[in-house]
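Novice: Below is a structure I'd like to ask you about.
The values are calculated or read from the model by the stated rules, or taken from the named source; none is laboratory data. Computed from a predicted structure; not experimentally measured. Cβ placement follows ideal geometry from the backbone for every residue including glycine, while neighbour counts extend to all protein chains displayed.
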Amino acid sequence: MSTYNKKNNLFKADSRQRRYNILSYALLGAMCLFFSFNTLSCTSETRNNTNIEDKTILGVWAHPDDETTSGPVFAKYARKGAEVILVIATDGRLGVNDWSGYDAGDELAAVRREEMQCAADVLGADLYHLEYEDQFRASEGFHAFIEQSRGFLDDLHDIIEERQPDIIITFGPDGGSNHIDHRIAGATATQVLLSKDWEKKPSLFFAGSPNAGSDNYRHRGVYDEFLTVRDHYTDEDADVAAEAAKCHASQFLPERVDSWAEGWRESGVSYFRPFEAPGSQADDLFSYPSQYPEIR
Ligand SMILES: [Zn+2]
């Protein structure tokens with residue numbers, strides 16, 4: 001069930017139907033980005049005593065399907081009782097492929113909206129599906145792009161103000177796949193967080209894929225040791241994420257999702273690089289303490 005929030009020009013779903021009723025777990029998924037089929041496997045879950053039921057985790061993404069990047073993590077925290085919120089910036093109108101039969105435009109945007117709502121419902125997430133266009137109208141020039149990107153900044157500010165998340169996760173500078181929209185999503189979340197002294201200060205994390213040993217490490221992923229948060233999830237979480245990914249039927253063939261699901265279950269972990277809030281102060285750049293105390 002959805003409601004249109006006129007004030008913020010947002011489309012907000014009040015789905016509170018978290019993690020329940022997900023009977024047939026199937027496959028897995030991911031999108032026009034990446035994902036990590038990493039090597040560290042572990043079955044442990046959150047190791048501290050944090051009361052997850054009081055927490056809110058918010059994901060900031062560019063396209064319908066990008067949430068698949070952290071699908072198992074969203075499924076995990078929804079299962080544990082946290083409030084899970086997804087912000088999807090664009091309508092996906094340009095995401096054509098050669099097999100689904102859709103042309104770019106309004107019809108495809110409508111399909112993507114339904115698919116995104118389906119995925120949010122399966123994950124047990126509230127959805128803010130904003131109405132910006134893929135590439136934020138960059139092809140129309142500076143002014144069109146700025147209008148869209150500033151709208152995204154303002155909307156995200158208002159959402160964070162209203163929902164008061166404890167955790168925000170988004171793309172890092174690589175955007176997972178170098179997609180410019182992904183980079184804008186990550187930069188927008190970071191800019192909003194840095195824009196003021198928030199009363200409730202959320203922790204920001206960038207989803208990352210380990211790139212050690214990769215020939216194209218400059219283009220995709222993050223050096224393993226910068227990914228200092230390794231969030232473990234269960235097979236059940238992986239299966240829920242796969243079912244959610246299959247909602248994106250105009251983007252993912254079931255076999256593709258199945259192969260992702262297998263990788264998720266195998267790894268059982270998602271990697272994140274934390275944004276480090278300022279702690280130390282300095283009068284000159286070279287006197288500031290190393291930002292990599294655990295690595296160097
Ligand atoms: Zn994307």
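Novice: Count, please, the residues in region 211-225 that happen to be outside any loop (DSSP other than H, G, I, E, B) and over 16 Å from G175 (Cβ atoms).
Specialist: Step one: of region 211-225, the residues outside any loop (DSSP other than H, G, I, E, B) are 222, 224-225.
Next cut, over 16 Å from G175 (Cβ atoms) only: 224-225.
Number satisfying all stated conditions: 2.
Novice: Right, here's the next one. Take region 145-179 and flag every residue that is within 13 Å of the ligand (Cβ to nearest atom) and within 13 Å of D66 (Cβ to Cβ). Let's see the steps before the verdict.
Specialist: Taking region 145-179 and keeping what is within 13 Å of the ligand (Cβ to nearest atom), we get 170-171, 174-179.
Selection gives T170, F171, G175, G176, S177, H179.
Novice: I would also like to ask the following. Quick check, is A125 among the small types (G, A, S) and touching a residue at least 12 places away in the same chain (Cβ under 8 Å)?
Specialist: Values: among the small types (G, A, S): yes; touching a residue at least 12 places away in the same chain (Cβ under 8 Å): yes.
Against the criterion (among the small types (G, A, S) and touching a residue at least 12 places away in the same chain (Cβ under 8 Å)), A125 qualifies.
Results for (1) within 27 Å of D134 (Cα to Cα); (2) surrounded by 15 or more Cβ atoms within 10 Å (Cβ to Cβ), shown as yes or no for each residue.
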site: R183; (1), (2): yes, yes
site: E199; (1), (2): no, no
site: N211; (1), (2): no, yes
site: D215; (1), (2): no, no
site: R220; (1), (2): yes, yes
site: D235; (1), (2): no, yes
site: A249; (1), (2): yes, yes
site: G263; (1), (2): no, yes
site: S267; (1), (2): no, yes
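Novice: Counting just the residues of region 50-75 that are under 12 Å from F171 (Cα atoms), in contact with an Asp or Glu (Cβ under 6 Å, 6 or more places away or on another chain) and of a type in the set (G, A, S), which one comes out nearest to the ligand (Cβ to nearest atom)?
Specialist: Residue satisfying both the conditions and the ranking: A62.
Novice: Evaluate the following for R220: is it at pLDDT below 95, touching a Ser or Thr at 6+ places or on another chain (Cβ under 8 Å) and not hydrophobic (A, V, I, L, M, F, W, C)? Spell out the reasoning first.
Specialist: On the way: at pLDDT below 95: yes; touching a Ser or Thr at 6+ places or on another chain (Cβ under 8 Å): yes; not hydrophobic (A, V, I, L, M, F, W, C): yes.
When the stated conditions are applied, R220 passes them.
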